[in-house]
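Asks: Sharing a structure below in structure tokens format, with a few things to ask.
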């Protein structure tokens with residue numbers, strides 16, 4: 001067994017602390033194997049003989065090492081159209097209603113995928129918008145009237161999202177052949193999102209634990225299946241900070257089993273065709 005094949009308890013604790021300091025994400029005692037699996041390749045690429053040497057590099061704070069650490073432990077598997085209720089709620093209610101309001105107010109519709117990973121969620125929204133436009137269900141707004149922003153901590157994941165290129169399993173998980181044919185161009189051994197959909201999106205780095213106090217006007221914020229990686233206290237801080245980011249009738253979507261009311265008193269539940277969503281109190 002090589003020295004990079006074992007992560008001792010003390011080493012794991014130091015790396016867990018470093019990840020928490022950098023991202024706010026908390027790893028459990030049971031995550032040793034996950035962290036070993038993710039960090040062993042990075043430590044090897046950096047020429048480290050063992051994890052003590054890797055930890056020393058992390059603690060010195062070079063951006064290359066720290067960004068590599070964040071990329072390694074935060075990039076998660078994701079997929080297109082994660083669940084049917086998500087798609088139905090957006091298609092039947094939230095996107096058409098947001099389009100109607102935007103048309104009346106002569107403005108763009110702004111959508112934020114707050115844990116975008118490699119971009120599947122943001123592009124899923126773009127696909128839904130293209131389908132709704134084709135069905136005449138966006139109140140006459142063209143696709144160019146929609147802006148989709150994806151944010152994540154991982155620079156590696158964001159680079160993939162900006163490219164919009166997916167190969168192998170990544171181009172198939174949750175994506176039908178019909179949609180792949182309609183909204184992607186075959187390229188090499190995979191598929192690239194068509195330019196008209198990529199033009200709707202921007203991707204940038206953001207740390208949800210460090211949201212600024214600036215008021216914004218997002219019509220829809222997707223914060224799905226990411227708060228589970230934080231402590232309950234941090235979840236509450238993120239949700240409280242996010243209240244400033246909604247427009248007057250802004251909507252929050254979370255994962256099917258997630259409820260912001262468990263951690264913040266600033267939201268109320270709403271129900272519509274297809275499922276449940278949340279809005280800031282008083283909105």
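The values are calculated or read from the model by the stated rules, or taken from the named source; none is laboratory data. Quick caveat, the model's predicted, so the values are computed rather than measured. Methodologically, a virtual Cβ is constructed for each residue, glycine included, from the backbone with ideal geometry; neighbour enumeration extends over all protein chains shown.
Asks: Within region 184-196, can you find the residues that are more than 8 Å from residue 165 (Cα to Cα) and in contact (Cβ under 8 Å) with a residue 60 or more places away in the chain?
Replies: Of everything in region 184-196, just one residue is more than 8 Å from residue 165 (Cα to Cα) and in contact (Cβ under 8 Å) with a residue 60 or more places away in the chain, namely 196.
Asks: Related question: Kindly list the number of the only condition in (1) out of contact with any helix residue (DSSP H, G or I) (no Cβ under 6 Å at 6 or more places or on another chain); (2) in contact (Cβ under 8 Å) with a residue 24 or more places away in the chain; (3) assigned to a helix (DSSP H, G or I); (4) over 24 Å from residue 158 (Cα atoms) that fails for residue 14.
Replies: Residue 14 satisfies every listed condition except (1).
Asks: Please enumerate the residues belonging to region 242-283 that are part of a strand (DSSP E or B) and either out of contact with any helix residue (DSSP H, G or I) (no Cβ under 8 Å at 6 or more places or on another chain) or surrounded by fewer than 18 Cβ atoms within 10 Å (Cβ to Cβ) (or both). Full working, then the answer.
Replies: Going through region 242-283, the residues part of a strand (DSSP E or B) turn out to be 246-253, 267-272, 275-280.
Result: 246, 247, 248, 249, 250, 268, 269, 270, 271, 272, 276, 279.
Asks: Okay, next question. Working only within region 53-93, note down all residues that are part of a helix (DSSP H, G or I) and surrounded by fewer than 14 Cβ atoms within 10 Å (Cβ to Cβ). Spell out the reasoning first.
Replies: Residues of region 53-93 that are part of a helix (DSSP H, G or I), as a first pass: 53-60, 63-74, 84-93.
Scanning region 53-93 gives 56, 59, 60, 63, 64, 84, 85.
Asks: Of the numbered conditions (1) under 26 Å from residue 25 (Cα atoms); (2) exposed (fewer than 13 other Cβ atoms within 10 Å of the Cβ), residue 136 satisfies every one except a single condition; which is it?
Replies: Residue 136 satisfies all of (1) under 26 Å from residue 25 (Cα atoms); (2) exposed (fewer than 13 other Cβ atoms within 10 Å of the Cβ) except (1).
Asks: Out of 227, 239, 211, 222, which single residue is in the same structural domain as residue 168 (by TED's automatic domain parsing), surrounded by fewer than 20 Cβ atoms within 10 Å (Cβ to Cβ) and either on the phi > 0 side of the Ramachandran plot or under 17 Å from the mean Cα position of the chain (by Cα) (or both)?
Replies: Working: 227 fails: surrounded by fewer than 20 Cβ atoms within 10 Å (Cβ to Cβ); 239 fails: surrounded by fewer than 20 Cβ atoms within 10 Å (Cβ to Cβ); 222 fails: surrounded by fewer than 20 Cβ atoms within 10 Å (Cβ to Cβ).
That would be 211, the only listed residue that is in the same structural domain as residue 168 (by TED's automatic domain parsing), surrounded by fewer than 20 Cβ atoms within 10 Å (Cβ to Cβ) and either on the phi > 0 side of the Ramachandran plot or under 17 Å from the mean Cα position of the chain (by Cα) (or both).
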